[in-house]
1. If we scan region 185-201, do we find a residue that is modelled with pLDDT of 95 or more, open to solvent by 10 Å² or more (accessible area, probe 1.4 Å) and within 23 Å of residue 79 (Cβ to Cβ)?
2. Within the group 347, 353, which residue is among the charged types (D, E, K, R), over 21 Å from residue 283 (Cβ atoms) and open to solvent by less than 90 Å² (accessible area, probe 1.4 Å)?
3. Somewhere in region 26-35, is a residue open to solvent by 10 Å² or more (accessible area, probe 1.4 Å), out of contact with any Lys or Arg (no Cβ under 9 Å at 6 or more places or on another chain), within 16 Å of the ligand (Cβ to nearest atom) and among the aromatic types (Phe, Trp, Tyr)?
4. Would you check which residues across region 287-311 are within 15 Å of the ligand (Cβ to nearest atom), farther than 21 Å from residue 14 by Cα and either free of Cβ contacts under 8 Å to residues at least 60 places away in the same chain or loosely packed, with under 14 Cβ neighbours inside 10 Å (or both) and list them?
5. Based on this model, can you work out whether residue 55 counts as outside any helix (DSSP H, G or I), closer than 15 Å to residue 97 by Cα, open to solvent by less than 20 Å² (accessible area, probe 1.4 Å) and in contact (Cβ under 8 Å) with a residue 24 or more places away in the chain?
6. Evaluate the following for residue 259: is it farther than 18 Å from residue 273 by Cα, touching a Lys or Arg at 6+ places or on another chain (Cβ under 8 Å) and in a strand (DSSP E or B)?
7. Name the residue, out of 50, 73, that is of a type outside the set (Lys, Arg), under 19 Å from the mean Cα position of the chain (by Cα), within 16 Å of the ligand (Cβ to nearest atom) and on the phi < 0 side of the Ramachandran plot.
8. Hey, could you check region 1-22 for residues that are open to solvent by 40 Å² or more (accessible area, probe 1.4 Å) and not polar (S, T, N, Q) and say which is farthest from residue 101 (Cα to Cα)?
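The values are calculated or read from the model by the stated rules, or taken from the named source; none is laboratory data. For clarity, every value in this text was computed on a predicted model and none was experimentally measured. As a convention, Cβ positions derive from the backbone with ideal geometry for all residues, glycine included, and neighbour counts pool all protein chains shown. What goes into the accessible areas is simple: the full protein's heavy atoms, side chains included, and nothing from ligands, DNA or RNA. Shrake-Rupley method; radii C 1.70, N 1.55, O 1.52, S 1.80 Å.
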Amino acid sequence: MSSALFSPYKLAGLELANRIVVSPMCQYSADDGCANDWHLMHLGMLANSGAALVIVEATHVERHGRITHGCLGLYSDDNEAALARVVHSARRAGTAKFGIQIAHSGRKGSAQKPWEGAGPLQPEADPWPTSAASPIPFGEGWQTPREVTEADMERVRNTFVSSTQRALRIGFDEIELHMAHGYLAHGFMSPISNRRTDQFGGSLENRLRFPLSIARAVRALVPKGVPLGARITGSDWREGGLTPDDAVAIAKALKGEGLDFICISSGGVAAGIHNPTEPGYNVAIAARVKKEAGIPTRCVGLIVKPEHAERIVAKGEADMVSMARCFLDDPHWGWHAAKALGADVARPVQYARAGPKLWAPAAAKA
Ligand SMILES: Cc1cc2nc3c(=O)[nH]c(=O)nc-3n(C[C@H](O)[C@H](O)[C@H](O)COP(=O)(O)O)c2cc1C
């Protein structure tokens, strides 16, 4: 039986062993943006998960562009050195390629870590002023962000460029811009959070102007063979918000800026909006984007079972599947999916006695 999920894929110049991607997952455990031993353990574990590609969590372009005090950054030499140590070690120990998600939190910044409440930082917890497309808080009790000026846009765009330069120096195989989940770029795109009356608000074309300028500036420095893409929202899941039609238009616009792929996620634009809970809730949107925008597409969101992931790729609904929580639950998810689908994956030599060599005799005796 040949598996679509375990078939190789070439994304720009990057050869991937299969279609499985570990989705970026904030660990809220960094020290002033610097990765540490937690990240070494976490990414080292995921490097041997069977996924062809592991995307490092949202990594922020400036200190005040982080979500929490524990979020990763690439805004200092210390950040760069710390992440380089972790990624080089994880890569040496594992089989996966590594990508990174570059981000700015916008009005969702200055937040508590999930295990401290996930709300806005309280006065005694060293909060910082946030900025966003419009001075509208994310939800009740959240700060009112300062409206981003054109000078701010230039500064933030430059920080996206310098963080990407740092990522390229570290040697990441792939770069993903975070343009989803209600953070700064998505906040500009969505009419729910962008009420500007200048050339950056109003029509979709205007709302895309700043995010597209980031994509353009970053594309100008990322070498052609290194895949550069964006995670965007497939739907705001709220009347008056971004829709799958908009996702197609956004994907086309980003493709026009030379991006190599799109990852379809959704939700997160404002407090109190809940994503659907059915498995693969973004798949139909990703399938539309792939077909109508004609760009390599990955999708994420409650894809948990190997057979489901296999079907998505086999039916051509997405080129890659991105998964988050199931890899925390089972860090060898890719190995076990390969077993279920009659495929195999690369393993480190130290673990070669597991996998088929273990199952075959055990199965014969059962
Ligand atoms: C602990 C955790 C941290 C996350 N951090 C990020 C992140 O840094 N960037 C991002 O785009 N999504 C982040 N997400 C969302 C996931 O990447 C993914 O889109 C979401 O969990 C749905 O996929 P799943 O159903 O496979 O978990 C995070 C999710 C979890 C559970």
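1. No.
2. Values: 353 fails: open to solvent by less than 90 Å² (accessible area, probe 1.4 Å).
Being among the charged types (D, E, K, R), over 21 Å from residue 283 (Cβ atoms) and open to solvent by less than 90 Å² (accessible area, probe 1.4 Å) holds for just one of 347, 353, which is 347.
3. For region 26-35, residues open to solvent by 10 Å² or more (accessible area, probe 1.4 Å), out of contact with any Lys or Arg (no Cβ under 9 Å at 6 or more places or on another chain), within 16 Å of the ligand (Cβ to nearest atom) and among the aromatic types (Phe, Trp, Tyr): absent.
4. 301, 302, 303, 304, 305, 308
5. yes
6. Details: farther than 18 Å from residue 273 by Cα: yes; touching a Lys or Arg at 6+ places or on another chain (Cβ under 8 Å): yes; in a strand (DSSP E or B): no.
For residue 259, the condition - farther than 18 Å from residue 273 by Cα, touching a Lys or Arg at 6+ places or on another chain (Cβ under 8 Å) and in a strand (DSSP E or B) - is not met.
7. Numbers: 50 fails: on the phi < 0 side of the Ramachandran plot.
The unique qualifying residue is 73.
8. Residues of region 1-22 that are open to solvent by 40 Å² or more (accessible area, probe 1.4 Å), as a first pass: 1-2, 8, 10, 12-13, 15, 17.
Retained after the next criterion (residues that are not polar (S, T, N, Q)): 1, 8, 10, 12-13, 15, 17.
Details: 1: 34, 8: 22, 10: 19, 12: 17, 13: 18, 15: 19, 17: 20 Å.
Restricting to residues being open to solvent by 40 Å² or more (accessible area, probe 1.4 Å) and not polar (S, T, N, Q), the top hit is 1.
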